[in-house]
Amino acid sequence: MSDSPTTDGSAAPESPQVAQSAQSMQSAQATRSAPKTPKAGRNLPAAIGVGVGLAVVVLASLLVRREAFLVVLVIAMAIGAWEMRRAVRQAGIEVPLVPVVIGSASMVLSAFFRGPEALFLTLGLTCVGILVWRVADGLDGAIRDIGGALFVALYPCFLGGFAALLLSADDGHLRIIYFVLVTVASDIGGYAFGVVLGKHPMAPSLSPKKSWEGFAGSAFTCAVVGAVGIATLLDGPWWKGAVIGGVVAATATVGDLIESSIKRDLGVKDMGTLLPGHGGLMDRLDSLVVCIPVVWALLLWATP
């Protein structure tokens with residue numbers, strides 16, 4: 001219905017119904033023209049490209065020489081510690097970076113060359129170094145900062161040291177490949193099943209996009225990859241590989257939820273911006289560092 005002229009020649013004001021209809025049409029057009037957010041909440045092409053690139057770096061370093069992967073691991077733990085330091089700063093916690101990074105490298109190297117006892121010993125020395133370094137800088141807020149630094153030394157640095165323990169075995173390069181395959185299978189299976197079938201949220205307050213259907217897909221994919229991988233790479237019984245896969249799926253999910261709770265508590269979306277489509281390196285290491293000790297222990301049982 002068009003506006004009717006008034007006696008002075010001007011157009012009559014639109015009726016509320018016409019104005020509301022026009023606003024609805026504009027809103028619908030804006031919605032159609034706006035870019036759609038992927039259901040999984042990430043840039044899928046970028047995420048795949050970065051994931052393939054990381055896999056190439058890991059495999060290339062393992063094929064060249066085990067010590068080459070050790071260098072990659074030391075660098076990854078240092079970057080992870082730096083990202084965690086930046087993240088906890090949002091809560092007013094100043095983590096002393098120097099003793100944490102030195103301790104991180106020391107834990108990885110000692111685990112590779114001297115075994116589990118050296119890893120735990122180096123963790124203790126790292127804690128002492130953090131304490132002395134921070135207290136020497138003053139007592140104001142020292143307890144808060146020391147607590148944050150000890151947390152970063154544990155997660156991811158100490159947990160990452162178990163990757164060096166995996167690598168130190170005679171077939172360590174194959175154990176690392178097996179660990180990466182099974183853990184990545186958790187991500188791929190959970191993502192694929194979650195996008196297609198996900199309807200029941202697992203932990204809506206922590207990770208709204210994580211569903212029970214996705215977890216079921218993660219467990220299935222991990223069990224298959226674990227069974228096939230242990231039989232072909234490590235000459236272990238397939239059923240033990242399936243058990244490892246199931247445990248890894250549950251552990252990886254817990255690792256994701258732990259990272260989500262940390263980010264929610266700190267009020268950050270991602271731990272960093274280093275990896276397009278993923279966020280920071282810690283956004284990729286979250287489930288890996290939690291799964292490493294579990295896989296190391298289970299492989300001692302499955303393929304001693």
**Asked** Of all the accessible heavy-atom surface of region 120-257, with the other protein chains kept in place and a 1.4 Å probe, what percent is carbon and sulfur?
**Response** 75 percent
**Message:** Just to check I understand the Karplus step: with θ = phi - 60° and J = 6.51 cos²θ - 1.76 cosθ + 1.60, what whole-Hz values come out for region 98-115, glycine and proline as x?
**Reply:** 4, x, 5, 5, 4, x, 4, 4, 5, 5, 5, 5, 5, 5, 5, 8, 10, x
**Fill in**
Full extension between L121 and K269 adds, at 0.36 nm per residue less the Cα distance, a length in nm of 49.8 nm
**Message:** Report the Cα centroid-to-centroid distance between region 116-143 and region 64-100 in angstrom, as an integer.
**Reply:** 16 Å
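Quick one: which of 201-213, 79-91 comes out on top by average Cβ neighbours within 10 Å, and what's the full order, highest first?
My ranking of the peptides, most packed first, is 79-91, 201-213.
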**Request:** Could you work out the local net charge near T253, counting Lys and Arg as +1, Asp and Glu as -1, over the other residues with Cβ closer than 13 Å to its Cβ?
**Result:** -3
**Complete:** The summed charge of the S218 Cβ neighbourhood (under 12 Å; Lys/Arg +1, Asp/Glu -1) stands at -2
**Relative packing of 222-230, 117-125, which averages over residues the other C-beta atoms within 10 Å, highest first** = 222-230, 117-125
**Item:** Ranking by accessible area, most exposed first, for W238, W301 with a 1.4 Å probe
**Value:** W238, W301
**Request:** Calculate the dipole size of region 217-299 relative to its Cα centre from +1 charges on Lys and Arg beta carbons and -1 charges on Asp and Glu beta carbons; express the result in debye to the nearest 20.
**Result:** 60 debye
**Item:** Solvent-accessible area per residue, Å², over region 102-178 with all protein chains present [probe radius 1.4 Å]
**Value:** 45 Å²
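Near L288, within a Cβ-to-Cβ distance under 15 Å, what is the net charge of the other residues, with Lys and Arg +1 and Asp and Glu -1?
Cβ neighbours under 15 Å give a net charge of -4.
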**Message:** Multiplying the sequence separation of I188 and V132 by 0.36 nm and subtracting their Cα-Cα distance, what value in nm do you get?
**Reply:** 15.8 nm
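The values are calculated or read from the model by the stated rules, or taken from the named source; none is laboratory data. Just so it is clear, the structure is predicted and the values come from calculations on it, not from any experiment. Note: ideal-geometry Cβ built from the backbone for every residue, glycine included; neighbour counts use all protein chains shown. Only protein heavy atoms, including side chains, enter the accessible area calculation; ligands, DNA and RNA are left aside. Shrake-Rupley method; radii C 1.70, N 1.55, O 1.52, S 1.80 Å.
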